[in-house]
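Just so it is clear, none of the values below were taken in a lab; they were calculated from the coordinates. This structure is a prediction, so every number in the text was calculated from the model and none was measured.
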Ligand SMILES: Cc1cc2nc3c(=O)[nH]c(=O)nc-3n(C[C@H](O)[C@H](O)[C@H](O)COP(=O)(O)O)c2cc1C
């Protein structure tokens, strides 16, 4: 390990970032459309909250300065698209790595309007249409909770992962 990244030399923030980089998370694209416009953003923070509330619910964290955040909060609806393992291109597109911004990102991929009109990405392994439940601003990020109204499931459940600063796929462990 190069000296500058040796954990012992990192401050609290650096150790936090390094610790979190070791977690393999799945990768989703949050899409939204409505009166405030169309937007999409790649996140690794999407996770389940509860299957057993009035509706199932999920959450993710979005930077408060992201244009997509403002659009989503104004539209009050979105779709959380869990990417398939072959969709690294979509993850790069919606994280700005292809230098295409805003609604123009949607010209580069297949998508269709869902039940609530929210964009469902073609090929996603699961897509969760949501109404905005709540959004809590915690310092730099909004914690956004969605009330799930419909779930679309593809035939292939293989989800794209991100961990140790690279895209990954899940493989089964041999039984012990
Ligand atoms: C794998 C991956 C995971 C990401 N996860 C998050 C996340 O959970 N929350 C967040 O605010 N940004 C996350 N980002 C960064 C955003 O995708 C990126 O800043 C995005 O372009 C911001 O949206 P904007 O272009 O509309 O401002 C992630 C990027 C990548 C590549």
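Quick notes on this structure:
- Taking 16, 78, 26 in turn, the Gaussian network model of the chain (Cα-Cα springs below 10 Å) assigns the largest fluctuation to 16.
- Mean-position separation - Cα centroids, segment 11-58 and segment 125-139, in angstrom: 9 Å
- Cα convex hull of segment 26-160, projected area averaged across orientations, nm²: 7.5 nm²
- Candidates 12, 132, 58: whichever shows maximal mean-square fluctuation once the chain is modelled as a Gaussian network with Cα springs under 10 Å: 12
- Rounded tilt (10° steps) of 12-21 against the dominant C-alpha axis of the chain: 70 degrees
- Most mobile of 50, 95, 68 in a GNM of the chain (Cα contacts under 10 Å): 50
- The chain: calculated mean residue ellipticity at 222 nm from DSSP helix runs of at least 4, using -39500 (n - 2.57): -4000 deg cm²/dmol
- Hull volume in cubic angstrom per residue (convex hull over the Cα atoms of segment 4-93): 149 Å³
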